[in-house]
Amino acid sequence: MRRFLFPLLIVLLTACGGGAPVSDATTSPTRPAVTSTPLPPLVARVNGVDIPREAFDQAVVRLFPNSANRDAALTDAVVNTLIEQVILVQAAAEMGVVVSDADLDAEMDAMRAQSEQANPGGWQTWLDANGYTEADLREDVRGSLLVARLRATVLAETGDVQMIQAVRARHILLETQAEADDIKTRLQSGESFDVLAAQFSRDVSTKDNGGDLGFFVRDDLTTPELAELAFALAPGQMAGPIQTLLGWHIVETLAFEERPLTDESLARAQEQQFTAWLNERKAQATIERF
């Protein structure tokens with residue numbers, strides 16, 4: 001049974017282009033004991049392909065090496081990762097995406113050489129510390145290269161990304177949740193957003209123009225929670241209070257528009273495009289969880 005741990009190798013391979021594991025003196029081969037509710041022998045089945053408990057246990061150790069407790073959120077995250085890997089492998093087979101043995105040999109040789117150059121003996125030390133045999137690592141490197149080539153194929157077939165979605169929103173920033181709850185009640189009673197923002201918002205850069213943040217893409221804000229909420233709302237819809245590092249926000253989404261990509265937003269837009277494709281494949285798949 002294949003072990004689907006490709007995300008780990010995507011981190012290790014610098015954009016799947018020749019990065020290599022390097023031994024770190026602070027890395028210890030001793031893993032924290034994982035405590036959990038027992039899982040069945042199979043954790044999931046995807047289009048008839050079984051994902052065994054063994055693959056789940058290996059993924060927990062390699063993807064979350066510092067986690068001593070396996071809670072429901074971690075379990076769900078690992079199972080979702082394994083399901084996505086099966087879907088990606090199946091999609092690659094359908095689309096004729098392959099990794100040759102020669103390509104895999106070249107990648108493994110480059111990784112080993114880089115590791116040994118940085119620290120003689122570091123290759124085997126890294127394998128031991130991370131619970132890999134060389135055969136295990138070879139299998140996962142093949143998977144990482146496969147996913148990278150699949151991603152390139154998908155992006156080529158779906159066309160170049162030219163535009164990215166931006167949202168225009170406004171907010172009122174308060175110091176405490178109690179203050180935010182009070183302001184939200186007043187807004188729901190019909191008081192003016194502009195007036196309350198000018199009077200109470202702690203965001204001095206926006207309070208005098210009604211809390212208007214203007215148009216922005218997700219990466220523009222330093223408070224990702226605020227950005228995600230603005231994108232989740234429909235125009236004219238208000239929500240909150242939501243807490244960020246700055247305080248408590250009442251947020252109203254005003255409008256959406258498509259904007260030309262900048263160099264900085266291209267990678268994010270491509271990732272969104274590939275994620276949307278993967279989500280569509282998941283929706284079409286027959287997935288059983290146990």
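The values are calculated or read from the model by the stated rules, or taken from the named source; none is laboratory data. Keep in mind it's a predicted model, so treat the numbers as computed, not measured. We place every Cβ from the backbone using ideal geometry, glycine too, and count neighbours over all the protein chains shown.
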Search result, residues across region 193-208 that are in a helix (DSSP H, G or I) and not aromatic (Phe, Trp, Tyr): Asp194, Val195, Leu196, Ala197, Ala198, Gln199, Lys207, Asp208
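Among residues belonging to region 255-286 that are of a type in the set (A, V, I, L, M) and exposed (fewer than 14 other Cβ atoms within 10 Å of the Cβ), point out the one that is nearest to Ile164 (Cα to Cα). Before the answer, list the steps.
Keep residues of region 255-286 that are of a type in the set (A, V, I, L, M), which gives 255, 261, 266-267, 269, 276, 278, 283, 285.
Still in the running and exposed (fewer than 14 other Cβ atoms within 10 Å of the Cβ): 255, 267, 276, 283.
On the way: Ala255: 14, Ala267: 11, Ala276: 13, Ala283: 23 Å.
Per the criteria, the residue is Ala267.
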Every residue from region 215-243 that is surrounded by 17 or more Cβ atoms within 10 Å (Cβ to Cβ), among the β-branched types (Val, Ile, Thr) and either under 27 Å from Ala178 (Cβ atoms) or outside the structural domain of Glu175 (by TED's automatic domain parsing) (or both): Thr223, Ile242
Single condition Gln273 does not satisfy, out of (1) in contact with a Ser or Thr (Cβ under 7 Å, 6 or more places away or on another chain); (2) more than 30 Å from Asn80 (Cα to Cα): (2)
Members of region 166-207 found to be exposed (fewer than 14 other Cβ atoms within 10 Å of the Cβ) and either of a type in the set (Gly, Ala, Ser) or outside the structural domain of Gly240 (by TED's automatic domain parsing) (or both), listed by number: Ala178, Ser189, Gly190, Ser192, Ser205
Residues of region 276-289 that turn out to be of a type in the set (Lys, Arg) and more than 13 Å from Asn80 (Cα to Cα), as a count: 1
Residue list for region 105-126, restricted to those being of a type in the set (A, V, I, L, M, F, W, C) and touching a residue at least 12 places away in the same chain (Cβ under 8 Å): Met108, Ala110, Met111, Ala113, Ala118, Trp123, Trp126
Options Asp103, Asp76; residue that is of a type in the set (Asp, Glu) and modelled with pLDDT under 90: Asp76
Test result for Arg170, more than 23 Å from the chain's Cα centre (by Cα) and within 30 Å of Asp220 (Cβ to Cβ): yes
Which numbered condition Met95 misses (of (1) surrounded by fewer than 16 Cβ atoms within 10 Å (Cβ to Cβ); (2) within 19 Å of the chain's Cα centre (by Cα)): (2)
